[in-house]
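K.L.:
Below is one structure. I have some questions about it.
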Amino acid sequence: GATLHSQFQYYEVWTPPGADAIEISVTPSFGNPDLFISSNELLPSQMYYTWTSETSGSESLRIDAADPKACRSCRYYVGVLGAASSTAYTIQYTLTDTLPTLQAGLPMPAIEVKAGEYRYYRCYIDGHGTSGVTIAITIASGDADLYVSFVNEHPTKQQNQFEAEGRMSCNSVDCGNSIKQGDAIHISASDVSKFCNGPCLAYIGVYGALESTVSLLMTLDDDEAPVPLSDGVSQLAVLTHAGDYDFYTFSVGQSAEAFDVTVTPSSGDPDLYLTSNASFPDRYNWEWRSTGAAGEVVRVTLTDPDACVPCTYRIAVYAWTPNVRYSVTATSVKG
């Protein structure tokens, strides 16, 4: 950049949502630039500014997240003044991450966590989107648990908003791992929007129930709008990542006495969950389920006290393993 004597050249910097320090530096190729920054939505000047660096030669300002005048997810105005003469310079912005940051779809392998200790990470999420988020650990050795929070930067067993605490030693779907050889947390698009009003950060805690080695993966699910199932018509689908869901609806009329939902995999291991209420089911909230290893079938008899008619049932197909290819069919049984 360049500016004339006693004149400003202005820039703007959008700060991240995390507790990160930022540094802005100006290196002259000739002249003597001075640096002014404001966080109050006003352009800085020699009289009005939030931070300044006015030395002879290069300038640098570091703004820590703990600075009482710092702000998150906001705009700083940066002014470079040509002090004493015209000046040409290079301006640079540097962000210092406080936690390792996951990139969607890129695993972080070989994380070692000691028994009784935590390792912490974070990931950026677009709260305006229609995608859900799945965060999963695959356990190579030991036994680890997973915690997520949008509020607490160091989520724990005691302080979290989402958790997965499957035991490697348990073979039951209710106390064992939530995915094969690991744990996963799925945060639906509607839940994301509750916590994120725009871009935000999700914070992740990996806890060593035993000394463990794990890999960590964050994925963004495609549009989670449910797919209506037609009576007797199969729907083909793919769930790429363990811990992901597909959602469906099926409307049942007065003439039916029961209906069947069948999930037939061609690869991988899907599980099946159903509800008759307004919320979509998952591994923890359901009225009917099937969690076998070779395909799933649920029959809902409409005399069941949890059943309703006429009404729309909500269906979730869950990926217990990665790379699940399957067909799902809902079929009414007439009276």
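The values are calculated or read from the model by the stated rules, or taken from the named source; none is laboratory data. Only a predicted model underlies this, so the values are computations on that prediction, with no experimental measurement involved. All Cβ positions, glycine included, derive from the backbone under ideal geometry; neighbour counts span all protein chains shown. Surface areas here come from the heavy atoms of the whole protein model, side chains and all, with no ligands, DNA or RNA. Shrake-Rupley method; radii C 1.70, N 1.55, O 1.52, S 1.80 Å.
K.L.:
Within the stretch 217-240, which residues are among the hydroxyl-bearing types (Ser, Thr, Tyr) and either touching a Lys or Arg at 6+ places or on another chain (Cβ under 6 Å) or assigned to a strand (DSSP E or B) (or both)?
P.N.:
Answer for the stretch 217-240, where residues must be among the hydroxyl-bearing types (Ser, Thr, Tyr) and either touching a Lys or Arg at 6+ places or on another chain (Cβ under 6 Å) or assigned to a strand (DSSP E or B) (or both): just Thr219.
K.L.:
Please specify each residue of the stretch 248-261 satisfying the condition of being assigned to a strand (DSSP E or B) and open to solvent by 30 Å² or more (accessible area, probe 1.4 Å).
P.N.:
Step one: of the stretch 248-261, the residues assigned to a strand (DSSP E or B) are 248-252, 256-261.
Listed by number, the residues that qualify are Ser251, Glu257, Asp260.
K.L.:
Please go through (1) part of a strand (DSSP E or B); (2) touching a residue at least 60 places away in the same chain (Cβ under 8 Å); (3) in contact with a Phe, Trp or Tyr (Cβ under 8 Å, 6 or more places away or on another chain) for Leu61 and return the number of the only condition it doesn't satisfy.
P.N.:
(2)
K.L.:
Report, by residue number, each residue of the stretch 69-80 that is aliphatic (A, V, I, L, M) and within 12 Å of Leu43 (Cα to Cα).
P.N.:
Initially, the stretch 69-80 is screened for residues aliphatic (A, V, I, L, M), giving 70, 78, 80.
Result: Val78, Val80.
K.L.:
Follow-up question, since we're still on this one. I'd like the residue in the stretch 214-234 that is of a type in the set (A, V, I, L, M, F, W, C) and open to solvent by less than 70 Å² (accessible area, probe 1.4 Å) and, out of all such residues, is nearest to the chain's Cα centre (by Cα).
P.N.:
Step one: of the stretch 214-234, the residues of a type in the set (A, V, I, L, M, F, W, C) are 214, 216-218, 220, 225, 227, 229, 233.
Now restrict to residues that are open to solvent by less than 70 Å² (accessible area, probe 1.4 Å): 214, 216-218, 225, 227, 229.
Values: Val214: 18, Leu216: 12, Leu217: 10, Met218: 7, Ala225: 18, Val227: 23, Leu229: 28 Å.
Here the residue is Met218.
K.L.:
Here is a follow-up. Take the residues in the stretch 64-84 that are in a loop (DSSP other than H, G, I, E, B) and basic (Lys, Arg), then tell me which one is farthest from Cys196 (Cα to Cα). Please lay out each step first, then the result.
P.N.:
Start the filter on the stretch 64-84 by keeping residues that are in a loop (DSSP other than H, G, I, E, B), which leaves 64-74.
If we keep only those that are basic (Lys, Arg) as well, we get 69, 72.
On the way: Lys69: 23, Arg72: 13 Å.
Once the filter is applied, the top-ranked residue is Lys69.
K.L.:
Please indicate, with yes or no, whether at least one residue in the stretch 39-50 is outside any loop (DSSP other than H, G, I, E, B) and either open to solvent by less than 30 Å² (accessible area, probe 1.4 Å) or farther than 26 Å from Leu99 by Cβ (or both). Steps first, please.
P.N.:
Restricting attention to the stretch 39-50, the residues satisfying the condition of being outside any loop (DSSP other than H, G, I, E, B) are none.
Looking through the stretch 39-50, none of the residues is outside any loop (DSSP other than H, G, I, E, B) and either open to solvent by less than 30 Å² (accessible area, probe 1.4 Å) or farther than 26 Å from Leu99 by Cβ (or both).
Table: residues versus (1) touching a Leu at 6+ places or on another chain (Cβ under 9 Å); (2) open to solvent by less than 40 Å² (accessible area, probe 1.4 Å).
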{"position": "Ala115", "(1), (2)": "yes, no"}
{"position": "Tyr120", "(1), (2)": "yes, no"}
{"position": "Ile125", "(1), (2)": "yes, yes"}
{"position": "Thr134", "(1), (2)": "yes, yes"}
{"position": "Gly142", "(1), (2)": "yes, yes"}
{"position": "Tyr147", "(1), (2)": "no, yes"}
{"position": "Phe150", "(1), (2)": "yes, yes"}
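K.L.:
Among the residues in the stretch 115-136, are any more than 26 Å from Lys194 (Cβ to Cβ) and in a loop (DSSP other than H, G, I, E, B)?
P.N.:
At the first step, the residues of the stretch 115-136 found to be more than 26 Å from Lys194 (Cβ to Cβ) are 115-117, 119.
Keeping just the survivors that are in a loop (DSSP other than H, G, I, E, B) gives 116-117.
Yes, the stretch 115-136 contains at least one residue that is more than 26 Å from Lys194 (Cβ to Cβ) and in a loop (DSSP other than H, G, I, E, B).
K.L.:
Across the stretch 186-213, which residue is nearest to His241 (Cα to Cα) among those that are assigned to a helix (DSSP H, G or I) and open to solvent by 10 Å² or more (accessible area, probe 1.4 Å)? Before you say what the answer is, go through the steps one by one.
P.N.:
From the stretch 186-213, those assigned to a helix (DSSP H, G or I) are 189-195; that's our starting set.
Subset that is open to solvent by 10 Å² or more (accessible area, probe 1.4 Å): 189-191, 193-195.
Values: Ala189: 17, Ser190: 20, Asp191: 20, Ser193: 22, Lys194: 24, Phe195: 24 Å.
So, considering only residues that are assigned to a helix (DSSP H, G or I) and open to solvent by 10 Å² or more (accessible area, probe 1.4 Å), the one nearest to His241 (Cα to Cα) is Ala189.
K.L.:
Another question, if that's okay. Tell me which of these Asp34 doesn't satisfy, since it passes every other one: (1) acidic (Asp, Glu); (2) surrounded by 17 or more Cβ atoms within 10 Å (Cβ to Cβ); (3) closer than 30 Å to Tyr203 by Cα; (4) free of Cβ contacts under 8 Å to residues at least 60 places away in the same chain.
P.N.:
The number of the failed condition is (3).
One line per residue, one yes/no per condition, for (1) in contact with a strand residue (DSSP E or B) (Cβ under 6 Å, 6 or more places away or on another chain); (2) of a type in the set (Val, Ile, Thr); (3) buried (at least 21 other Cβ atoms within 10 Å of the Cβ):
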residue: Ser276; (1), (2), (3): yes, no, no
residue: Thr301; (1), (2), (3): yes, yes, no
residue: Pro305; (1), (2), (3): no, no, no
residue: Cys311; (1), (2), (3): no, no, no
residue: Tyr326; (1), (2), (3): yes, no, yes
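K.L.:
Take the residues in the stretch 152-183 that are outside any loop (DSSP other than H, G, I, E, B), in contact with an Asp or Glu (Cβ under 8 Å, 6 or more places away or on another chain) and open to solvent by less than 40 Å² (accessible area, probe 1.4 Å); name whichever of them is nearest to Gly292 (Cα to Cα). Please lay out each step first, then the result.
P.N.:
Of the stretch 152-183, the ones outside any loop (DSSP other than H, G, I, E, B) are 162-164, 167, 176, 179, 182-183.
Within this subset, residues satisfying the condition of being in contact with an Asp or Glu (Cβ under 8 Å, 6 or more places away or on another chain) are 163-164, 167, 183.
Then keep just the ones that are open to solvent by less than 40 Å² (accessible area, probe 1.4 Å); that gives 164, 183.
On the way: Ala164: 20, Asp183: 18 Å.
Checking each candidate, the answer is Asp183.
K.L.:
Only residues in the stretch 294-305 that are in contact (Cβ under 8 Å) with a residue 12 or more places away in the chain count as the first member; pair them with residues that are assigned to a strand (DSSP E or B) and among the small types (Gly, Ala, Ser), Cβ under 7 angstrom, at least 6 apart or cross-chain, and list the lot.
P.N.:
Matching pairs, first to second residue: Glu296/Ser290; Val297/Ser290; Val298/Ser290; Arg299/Ala258; Val300/Ala258; Thr301/Ala258; Leu302/Ala256; Leu302/Ala258.
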